[in-house]
Amino acid sequence: MRTLIRDLYNNLVEFVRTFGAFQLFFLRVLSHAPQMVFGRPGLVVKQIYNAGALSLVIIMVCGFFVGGVLGLQGYSNLARFNAADSVGALVALALIKELGPVITALLFAGRAGTALSSEIGLMKATDQLSAMEMMAVSPVKRVLVPRFLGGVVAMPLLVAIFTCIGLFGAHIVAVDLLSVDVGAFWQQMQLSVDMEDIQEGVLKSFVFGIVASLLAVWEGYNAIPTAEGVGRATTRTVVITAISVLILDFMITAVML
Amino acid sequence: MQQTRAVEIGTGLFVLLGMSALFFLTTQTTGGEKFSADETFEVQANFDNVGSLKPRAPVSMSGVTIGRVTDVSFDPVALQAKVMMIIDSRYEQIPDDSDASILTAGLLGSQYIGLQAGGSDTYLENGSEIYFTQSAIVLENLIGKFLVNSGSGGDE
């Protein structure tokens, strides 16, 4: 019984310690960010390409089908209330406020986050990070910060693309296949979507971008430098990002309402 | 060199695509009737019932948006809802005996204020009040009236 309580206590302290270390890590990355942006923009651009441009295919395909299924479900359920014309409003609000940021963040964690943490973890396992330190090059600055910034820049753009493609998918399903009136589709959407809704979506995408890229970089940097450790870090990236994104999404929505 | 060039082009395309997507979202999916005017004047109107009228709702005349609602509050003296609205100064020749009614855009749409021109020679100006108003139609009242009417109709 006493060992149980002690274990629990130790775990709790360990959790709080990790959380605090994570905050400090965030500050450390942020403090190097301006130097990297103005000093070595090429490195950041390379990472925007890796995190953003290379994720485009998965984002666009998923966005299209998410929008399409929203159109299908929205149409068949709204049709029961003779409100099938509102399907445009439903799809747009759902995509802009919730599904766009959240699903993009989850896909981003799976596509770009895992790539980041396994890359950094492998660099650590093969002593590349130690080698940099030996040459008086800060690995946080040279390796982690550009990857973090690349993710932060790429994420809001990916969310915007996801949402647009989603609307396009919903348009094809609702207007072209289910023959909802095209004017009603767009007019209902424009009547119900406000600038605030878009701001909420953009805010969420920024927050998720920061969280997803920081977690990926953090997990890679703290990976146990073995083959197994890198694999575990990659898994943890996806799991922890998914949990944090969904919790944060709830919190932001609750605050914004 | 060729490698970097490809990366740069890819990044540029990606950022442009993202920006245009964001631009599309902000311009195409929002706001049916945007109202913006450099100079406006403020008009007040009291209603018995404003329904679900909200600030920023459009004020329209003959279907054209000429202003928007700035404030909806309760007037404790008149025991009525007080609606403040601003109207574009370009439309300064609206007769001051025009009447304002609260209408609904579509069956389930949002509510807005519709102005119907009167015949007076004096015009609405900053601070004037619209005296002829018609309340929002409350669905429950309408159903209530319908039930009462059909009930009395059955007696005859």
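Taken together, the values in this text are just the output of simple stated rules run on the coordinates, not laboratory data. Since the model is a prediction, treat every value here as computed from it, not as a measurement. Glycine gets a Cβ as well: all are built from the backbone with ideal geometry, and neighbour counts include every protein chain shown.
Between the listed residues A:135, A:93, A:215, the Cα displaced farthest toward the positive end of the dipole of chain A, a dipole computed from Cβ unit charges relative to the Cα centre, is found at A:135.
Indicate, rounded to the nearest 5 percent, the antiparallel portion of the DSSP beta bridges found entirely in the protein assembly as shown.
Details: 27 of 35 bridges.
Beta bridges within the protein assembly as shown, antiparallel portion: roughly 75 percent.
The residues B:7, A:145, when put in order of fewest to most other Cβ atoms within 10 Å, stand as B:7, A:145. Straight-line cross-link partners of residue B:54 among the lysines, defined as a Cα under 25 Å from its Cα and at least 8 positions apart when in the same chain: A:97, B:34, B:82. Put simply, the amide H of residue B:57, placed in the peptide plane, has neighbours under 5 Å in B:69, leaving out anything fewer than 5 places away on its chain.
Of all aspartates and glutamates in the structure, the ones whose alpha carbon falls short of 18 Å from that of residue A:204, not counting any fewer than 8 places away in one chain, are A:98, A:194, A:196, A:249. With an a/c value of 1.5 or above and a/b not larger than b/c for the gyration tensor axes a ≥ b ≥ c computed over the alpha-carbon atoms, the range A:1-126 is described as oblate. Put in order of Cβ neighbour count within 10 Å, fewest first, the listed residues B:68, A:17, A:2 become A:2, A:17, B:68. Taking the Cα centre of the range A:1-127 as reference, the dipole from Cβ charges on Lys and Arg (+1) and Asp and Glu (-1) amounts to some 260 debye.
A simple spin-label model places pseudo-atoms 7 Å from Cα toward Cβ; at residue A:135 and residue B:24 they are separated by 4.3 nm. Label sites at residue A:19 and residue A:196, each approximated as a point 7 angstrom past Cα along Cα to Cβ, lie 3.1 nm apart.
222 nm [θ] for chain A, helices only, -39500 (n - 2.57) per DSSP H run of 4+, per residue, to 500? Write out the running numbers ahead of the final one.
Values: 11 runs with 202 residues, N = 257.
Computed ellipticity for chain A at 222 nm equals -26500 deg cm²/dmol.
What Kirkwood hydrodynamic radius, in Å, does chain A give when the mean of 1/r is taken over all pairs of distinct Cα atoms and then inverted?
Working: mean 1/r = 0.0503 Å⁻¹.
Evaluated over chain A, this radius sits at 19.9 Å.
Under a model in which nothing but the beta-carbon of Lys, Arg (+1) and Asp, Glu (-1) is charged, the protein assembly as shown shows a dipole of about 2940 debye around its Cα centre. Excluding same-chain neighbours fewer than eight residues apart, the lysines reachable from residue A:141 by a Cα-Cα span under 20 Å are A:46, A:124.
Take each residue of peptide A:192-204, count the partner chain Cβ atoms within 10 Å of its Cβ, and average: the result is 3.
A Gaussian network model of chain B, with springs between Cα atoms under 10 Å, assigns the largest mean-square fluctuation among B:122, B:30, B:40 to B:30.
As a footprinting exposure proxy, order A:62, A:164 by other Cβ within 10 Å, with the fewest listed first. The partial results should precede the final answer.
Values: A:62 18, A:164 25.
The order, fewest Cβ neighbours first, is A:62, A:164.
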